[in-house]
1. Hey, what did segment 663-736 get for relative contact order, percent, Cα under 8 Å, at least 6 apart?
2. Excluding GLU1050 itself, calculate the net charge of residues whose Cβ lies under 11 Å from the Cβ of GLU1050, where each Lys or Arg counts +1 and each Asp or Glu counts -1.
3. Just want to confirm a number: the relative contact order over segment 478-660, from Cα pairs under 8 angstrom separated by 6+ residues, in percent.
4. Using Cβ contacts closer than 10 Å as the measure, can you line up ILE621, ILE428 from fewest to most?
5. Below 13 angstrom from the Cβ of LYS1031, what's the summed charge of the other residues (Lys, Arg +1; Asp, Glu -1)?
6. In a shell of Cβ-Cβ distance under 12 Å around SER253, excluding SER253 itself, what net charge do Lys and Arg (+1) and Asp and Glu (-1) give?
7. Just flag the trypsin sites (Lys or Arg not before Pro) in segment 612-697 sitting in loop per DSSP whose Cβ has no more than 10 other Cβ atoms within 10 Å.
8. Are there trypsin sites (Lys or Arg not before Pro) in segment 1085-1116 that DSSP puts in a loop and that have at most 14 other Cβ atoms within 10 Å, and which ones?
Amino acid sequence: MSEVASSEQENSVLSPPSGFKLRYTLEGHSDIITQIAWSADGKKLASASKDHTIQLWNIETGELMSVLKGHTDTVFGIAWSPDGEILASVSADDTIKIWNTNTGNLRSAIENENSNAIAWNPSGKMFASRNSYNYKNKEIEFWDAQTEKKINGLEEKNENFFIKLEVAARKIANLFSSKNNVFVPDEDKIFNGNWIAYSNSNFGRIINTNSIIIRNNFNVYLENFSYKRQSFGELLEDLLEHKSLGNLVWDSSGQMLALLNQNLTSISLYKINTAQQKHLEHIEKLQQLEQEWKKISSTLTEVRNRESIEAEMAELRGLHAELAKTNELELVASYITQTSPDSINLENSKFLAIAWSPDSQVLASAILDGTIRLWDTATKSLTRVLEGHADAVTDVSFSFDGKFLVSKSLDNSVRLWNCKTWETVAVIHESTSGKWLSSVAFNPKQPILATLGEKDTIIHIWELDFPTLLTVPSVSSSVHYANAKVVLVGDSGVGKSGLGLVLSGEYFQPTESTHGRRVWTFDKQGIVESSQAETRETMLWDLAGQPGYRLIHQLHLNEVAVALIIFDTRSETDPFAGVRHWDRALTQAQRLQSSSTSSLKKFLVAARADRGGIGVSPKRIDTWVKELGFDGYFETSAKEGWKIPELVDAIRNAINWKALPSVSSTKLFQQIKDFLIAEKKAERLLSTVDDLYRAFLKSENTPTETEKLRSQFDICIGRVESRDLIRRISFGNYVLLQPELLDAYASALINAAKDEPDGLGSIAEEDARHGRFRISEDERIKDKALEELLLIATVEELLYHELALREWADDGTYLVFPSQFTREWPDAPNPEGQTVIFEFEGAVLNIYTTLAVRLTRSGFFIKQDLWKNAATYKAKVGGLCGIFLREVQEGKGELTIFFDRLANEQTRSQFEDYILIHLKRRALAESIKQRRIFVCHNCGATIPEQHIQMRRKRGFDWIACSVCESRISLIDPEQAEQVTETQASTLAEMDKTANLQRNRDTATSSLQGKIATKDFDVFLCHNSNDKPNVKLIGQKLKEFGILPWLDEWELRPGLPWQRALEEQIRNIKAAAVFIGKNNTGPWQDAELDAFLREFVRRRCPVIPVLLPDCVQTPKLPIFLEGMMWVDFRQSEPDPMKQLIWGITDERKS
């Protein structure tokens, strides 16, 4: 843990800041306090703890009211009922307990495995719990507050009920059809004097005369109650088996629920629609149905038909009456839906806590990278980033009037932010344990604040003087700024680089084609808005256009404000080559980051107009501008300066600064970031963090060196890295100041794989790591040692982004690129056993490549062979599966799925489902279309698509085979079936396995870098008798990319180990102390004892480890007392994961 910035006044309990008065210090817990929560009236405070208890405090007197005992393990979360009479708690003992807060007695205990968060709805009628292990619709469970029983709104009872409604409507439609009153093939109309048959795109299901449902009537229910395959792409990550702490928070209205998902990288927003509103919709539809019946009944001459329909209408009326009597809470739970398919997502960091503003318009989030991020809940867009903390932010809370936000951090500080200026007006030192997410909470009714102190074991209650705090100046000099990103994209040789030079204010000069990317400053200016000064800086990115670079540059199309797509007007073959690809790639990147695509502006630009004019007709250009939705067209010449001023103005005017997040920071932070950018502009290549820090201390106007300053420096490296301007690599404590070199080397490796003589799309990893491939000499690093370090990082990057596979052969390991195979597939383009064709748009090759890699890593399918745009896999349970890609046009692809006869239905289902999930994640979701290939099960003949469509338009759900006359169903089984929980779990397991294998592949590369730089993670301290067991653990650590220092591996024979360890100990980050069967601790060796004391002195983790053959837990020396043991004698919790957590401070799932 680190401390707050040295330039700020550090207040404490003994010397509080202006506007703060300490009212009480509440003491009573014997272990870490995990959460504090106010009652709705603000008169009582509850505190949950690792000591298994909950304590209730009277805030008017500061007295302990009662201690709630009954849990047998850590209490994770607590929630008050709105009237303050009841408290619900959730614990690691797998129970939810309901307490009477007046008597302190336990009302009931509910067995509910794996719950880790709880929240009471403001209506008081129900509360929600969050599960850490779950299936999609069971991540949140609802409980009736009166009966304290689970609300079955999402379970079988209501599902069957609404299916009954659908069936009843279908029967009536069939009876209507007997008089030929209906069936005009119009997909959009339902009530227009007649009933119609239609294809319901929401379900991807064809409805004929025998299965009509009312559009938008029962759709809502089926959407929520069916485990439809189409729905798994958005939230599959939530099915993974994590047990991380997370927030579950209602807004003040009780209509919105925010859920911090288990992977901690996204927030799902759920909206509760009232049962009354939905019931009214049903009543309206029933009334329309009654009117339709009146029209039709007068035309029926047969009494039997009239009686049949009347009976069915009576049944439908009865079902609606039953609906009106259904428990309202069940209906509320039934209608819970996400506000959109997208959640609020976060890249490169983790959410740790969330809090609603009182008006529900803002969601504040505490972030692992030390920032606080504020989100507009209506648009789900990031509006502001708050900087100032020097370590992870663990909790946030708004004041009752929304004028202040408070944050707690592992830097041992509490910061108070003015919500009008977003500046820090107070900082209090409050030490944290570092073993839990330290809590902080504003009183919901009064200007009172509760904080945790003394390493999260006591509670401080503060009275705040809001009028004073609204007028005090910021505790440190503040700066506010915003950044915009403009990209130049297009194929190679169209004039991007020359245009980029003049747009950034440089003089024109002839340039070679860009390899990799270049970044220039386009514009920087200060503005004053709402009496606050803000600096706005625009960076211009020139991305290489060669086909081999597209895979890499798709990774850099995030957070783009303006895109210039450059094309070659003089091309005789295809002047618009690349335009459609880049347009779809940009759109895809914007959608993937869940931001509003409306803020992206794009211009079509013809460069080099001085070279013989424009060779494309204005009419054709205008067609492209309109079709792809460009915001303007410019004919330019960088050499002559034609239209350059106009294009510059257009870019400036196109940037919607209000849609971009503002950053509120400190001058110290800004000074550090300016230094790092200056080092980059000075063309320094690679430097350690220590070297950069020493250089910063020698720069002008640097504060005095302190531990606090160093922690701020480390945080700022991360902030600059988040803009992709520098890159911290995973070994050697290095920072790459020119990360664009990664792009150049990665693209060169991809091109080298494509040039493989046999068309196998691969390169030996040894050749890759040692630079034995072709790359432009002006881009190649001259220092061979530095180049090899960069190449290790490049390979790691390719494996992490799933653009390559690592495969083993008799002559060594190879990097295999599925996108670069050139050998033709003999079965293309119509393989036998086709079942479905997916159409999609986006970065086609990226989507295909990552799919091929993830299927290989999934653990359920074993890669058999790769060809150009084709891959086959053996299913573990038997059968061959395959994919074949055809690029229909730039940015638009068709993916054909095929199987052999040995592939069973389960294999086919899993394979197709996983591919659809992948497309929903990676492609433009609205572009995905699924076309089923129907084959006669008797003779194997394929039914023409035209015949299928014609039959469906006429309302048929079957067709006769033209060869053997067998009857073939046209109901798509993949759309009609529900995905069971078992299937959902299998898909999640595939995803989890793919992620784990990706992490292991990248860990191997990271380990290579650590070995090259002698960057040891942990010293394995042990008794020589225990060496065999310790070596096994050391080997396992290497599989996770952790480099251990073990004497047998690191010492040259004949040299004393003490001297070697002395040379390395300053660079080793942790120590693991092993105790085996002899129960003899290595600290009993005087020299090892001295080394261990050195680790403790440096505040490095020292982890006591009990080996499997240890008989009993020994007594630790005084300097190691209080350290948490890792016990390899037990399987739960997983000791290897616990050890890795202790070494790296990262929990492995």
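1. Details: 50 pairs, mean separation 28.8, N = 74.
Taking the mean separation of contacting Cα pairs over the length of segment 663-736, I get 39 percent.
2. Working: positive: LYS1014, ARG1052; negative: ASP1047, GLU1048, GLU1063.
Charge balance near GLU1050 sits at -1.
3. On the way: 335 pairs, mean separation 44.4, N = 183.
About 24 percent, as a whole number.
4. Working: ILE621 20, ILE428 26.
With the sparsest Cβ surroundings first, the list reads ILE621, ILE428.
5. Its environment carries a net charge of -1.
6. Working: positive: LYS271; negative: ASP251, ASP359.
Residues close to SER253 contribute a combined charge of -1.
7. Values: sites: LYS619, ARG620, LYS626, LYS639, LYS643, ARG652, LYS658, LYS667, LYS673, LYS680, LYS681, ARG684, ARG694; in loops: LYS639, LYS643, ARG684.
Listed in order of number, the matching sites amount to none.
8. Working: sites: ARG1093, ARG1097, ARG1098, ARG1099, LYS1115; in loops: ARG1098, ARG1099, LYS1115.
Qualifying residues, ordered by number: ARG1098, ARG1099, LYS1115.
Each value in this text was obtained by applying a stated rule to the coordinates, not by laboratory testing. Just so we're clear, the structure is a prediction, and the values are computed from it rather than from any experiment. Reconstructed Cβ throughout: ideal geometry from the backbone, glycine too, with neighbour counts over all protein chains shown.
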